[in-house]
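The numbers here are math on the coordinates, done by the rules we state, and not lab data. What you see is a predicted model; the values in this text were computed from it and never measured. Note: ideal-geometry Cβ built from the backbone for every residue, glycine included; neighbour counts use all protein chains shown.
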Amino acid sequence: MIAELGHFALILAFAVALFQSSVPLIGAAKGWPAWMEAARPAALAQFGLVGVSFAALTVAFVTSDFSVALVYQNSHSAKPMIYKISGVWGNHEGSMLLWVLILALFGACAAAFGAQLPPSLRARVLSVQAAIGAAFYAFIIFTSNPFTRLEVPPFDGLDLNPLLQDPGLAFHPPFLYLGYVGLSMAFSFAVAALIEGRVDAAWARWVRPWTLAAWMFLTIGIALGSWWAYYELGWGGFWFWDPVENASFMPWLLAAALLHSAIVVEKREVLKSWTILLAIMAFGFSLIGTFIVRSGVLTSVHSFASDPARGVFILAILAAFVGGALTLFAARAGSMQAKAVFAPVSREGMLIVNNLLLAVAAFVVFIGTVWPLLAELFFDRKLSVGPPFFEKAFTPFMVGLALILPVGALIPWKRGQMRRVLRPLRGAAVLAVAVMLLVFALSTGNSALAVIGAGLGSWLVFGAAAELWFRTGRSGLSRLARLPRADWGKAVAHAGLGVTFIGVSLLMAWQVEDIRTVQIGEDYELAGYLITLDAVEEVPGPNYVSTMATMTVARGGEAVAVLRPEKRIYPVQAMPTTEAAISSGLMRDIYLVIGDPQQGGGWAVRSYLKPFANWIWLGCMMMAAGGLISLSDRRYRVAAGAGRRKAAEVPAE
């Protein structure tokens, strides 16, 4: 009965979404307050109903109800509880249910905390949000029902994909979806503003918190996925430019551009059309990511499904919402004229350059991702676009972004003088050059990657510190503590990007790799460390059998760590996985992987010394923390009084 209850609640949520997508929209057009107000209880009811549906599916997984086809296909009675729970979204149908749950959550938050919004705008935002939800409810109910029963319940399940049975992957999809789906709020605000024909500073103030929250969650989700790939897959990398990785990265880049563009609209009421377009495209690329993952048009280890029929349905949703929004944008473009002028050397000018770099970088990633598909469709050629293309085509835009961020944060609005702006940054520039010289002195190869990357990262970190100090004026530390949280958040996020720059460049330039066959009891050297293979034994797990090695890492005659890399076999799916063993530190990781036994005796062993690896994810967490700090600033939660009065004085069209 619980599965049927979940299915019924899902159908009711679909019906409520249809009501919410139409009645408040009509009320806003006619100026009927009661109809507009209906959006709020409808949004809350929709979230409650889809919450019941999601809870019912979770109960089915937790209790191992194998009469539900989805549980049978993605769970097993011997699986640990955390993976029974994460199995709810570790498949196509369950992940789509999580998608609509988060979509409804954002709508419910807008209804609960959007009292300061003008009634007509709030009604239209919630109507657009519900229309998106209705489309995905229809997709789930008609093509991807998670509550389908089996006529003859099996004794046990087929188990979850072993690669997904990991703590990192348990939390990675929810955070990623909070980012993906959170961008729907920026889209809903953009479409609502186009319907009203009004984009102003108050609108930008309202849309920024939602975009900031989505960007923050997307940052955490991408970082968790990268971290999982680093320690779980056993290849030692953190990013492979896989199509699905790119599908999450493109909305992140566009959301970052949208955040910066909305600042210009809020402060100067320029770039209105561009900001609306970014809001549409950011969510549009989230839908493109959904299409890539579930259609099978591009091959990826992260794909949930390879069903062309489902892909066509998602493509229709993408065409309807993004195409409709762009059509409305074209019709309203003339009403979004700029009200202010500015010089090229100004904060507006720097933010435009920032936006261009981020948007073009996203476009480069998009072209590299879909080019194999286009080549096969139009030229009948099978091509592969790998990391070398992305690294060469994408990196120059990030270099330009790193150079301008500290300058753009200090330059005045409307008009500035570069000489005055660079004066507070002299100390940051000197320190960044000093770091470059130090890295150059420590480098043993002829690659410039480490020197340039460390210099740019240091420029961002020291530039963020210089900006905070500059904003204190002559007040010193007492003023520093009283700076707005948004200023602190921006500085922490920019510094986090710099830390990630340093980690990526030094890891790629300085890592040491060793692949060899090692006998039990034999030792070998890795970049000054002595590594000994002490033993290899079979160890049973809850739902797998592990071949576990015990390896001692020593330096200078003293043991540094005892590591136990594993190679696991999951009998139900007959699938092996690699579990790397890592001795982590702030300055380096020692990364060991045990392979297969060799014919001549011994074991295949891969060893890496990875300098500054953890700086990559430390920087990502700093960026997310910067977003959270900014989000806690009261100015992001409450629109300016003048903006509210102005919105109230202008009637809806």
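Packing order of peptides 345-354, 244-253, 276-285, highest average first: 276-285, 244-253, 345-354 (average count of other Cβ atoms within 10 Å over each peptide's residues).
Across all directions, the average flat footprint of the convex hull enclosing the Cα atoms of the range 33-140 is 7.2 nm². Estimated translational diffusion coefficient (Stokes-Einstein, Kirkwood radius over Cα pairs, 20 °C, 1.002 mPa s) of the range 512-613: 153 µm² per second. For the range 323-400, the Cβ-based charge dipole about the Cα centre amounts to some 180 debye (Lys, Arg positive; Asp, Glu negative; other atoms uncharged).
Label positions at Ala331 and Phe363, each projected 7 Å from the Cα along the C-beta direction, are separated by 2.7 nm. Residue by residue, the range 118-135 carries 3J(HN,Hα) couplings of x, x, 5, 5, 4, 4, 6, 4, 5, 5, 5, 4, 5, 5, 4, x, 4, 4 Hz when phi is fed to the Karplus relation 6.51 cos²θ - 1.76 cosθ + 1.60 (θ = phi - 60°); x denotes Gly or Pro.
So for each of 174-185, 616-627, 227-238, 423-434 I average, over its residues, the number of other beta carbons within 10 Å; can you give me the resulting order with the highest mean first? Intermediate results must be reported in sequence, preceding the final value.
Working: 174-185: 24.7, 616-627: 22.0, 227-238: 19.5, 423-434: 15.7.
For the peptides 174-185, 616-627, 227-238, 423-434, the packing ranking is 174-185, 616-627, 227-238, 423-434.
For the range 409-511, how big is the tail of P(r) above 15 Å, as a whole percent of Cα pairs? It works out to 66 percent of all Cα pairs. For the range 202-303, the dipole from Cβ point charges (+1 on Lys and Arg, -1 on Asp and Glu) about the Cα centre works out to 440 debye, to the nearest 20.
Taking R0 as 25 Å, what FRET efficiency do you get between Val353 and Ala448 from their Cβ-Cβ distance, rounded to the nearest 0.05? Mind showing how you got there, number by number?
Details: r = 24 Å, r/R0 = 0.96.
My answer for the efficiency is 0.55.
Suppose every Lys and Arg Cβ carries +1 and every Asp and Glu Cβ carries -1, with no other charges. What dipole size does the chain come out with about its Cα centre, to the nearest 20 debye?
Working: 47 positive and 38 negative charges, 781 e Å.
Once rounded to the nearest 20, the dipole reads 3760 debye.
So what is the relative contact order of the range 514-569, in percent, for Cα pairs below 8 Å that sit 6 or more residues apart?
Numbers: 102 pairs, mean separation 14.6, N = 56.
Rounded, it is 26 percent for the range 514-569.
For the chain, the residue among Ser286, Ala554, Leu169 whose Cα projects farthest onto the positive side of the dipole built from Cβ charges is Ser286. The alpha-carbon of Lys79 sits under 28 angstrom from the alpha-carbons of these lysines, leaving out residues fewer than 8 places away in its chain: Lys567.
Please state the shape class of the chain: rounded when a/c is under 1.5, otherwise prolate if a/b exceeds b/c and oblate if not, all from the C-alpha gyration tensor.
Numbers: a/c = 2.07, a/b = 1.15, b/c = 1.80.
It comes out oblate by the Cα gyration axes.
Specify whether the C-alpha gyration tensor of the range 96-181 places it in the rounded, prolate or oblate class, a ≥ b ≥ c being the square roots of the eigenvalues: rounded for a/c under 1.5, otherwise prolate if a/b is larger than b/c and oblate if not. In terms of gyration-tensor shape, oblate. Taking the centroid of alpha carbons for each part, the range 260-287 and the range 1-76 are 30 Å apart. Relative intensity of the range 140-219 on a log10 scale, I(q)/I(0) at q = 0.17, 0.24 Å⁻¹, equals -0.86, -1.09, per a Debye sum over C-alpha point scatterers of equal strength in the absence of solvent. Annotation: amide H-H contacts under 5 Å for Met575 (H modelled 1.01 Å from N, sequence separation of 5 or more, or interchain): Tyr570. Projecting the Cα atoms of Val572, Tyr529, Trp615 onto the dipole axis of the range 468-623, where Lys and Arg carry +1 and Asp and Glu carry -1 at the beta carbon, places Trp615 farthest toward the positive end.
Inter-part distance, the range 458-525 to the range 313-375, computed on C-alpha centroids, equals 30 Å. P(r) tail for the range 196-408: Cα pairs beyond 25 Å make up 44% of the total. Each label point was placed 7 Å from the Cα along the Cα-to-Cβ direction; for Ser77 and Met587 their separation is 5.4 nm.
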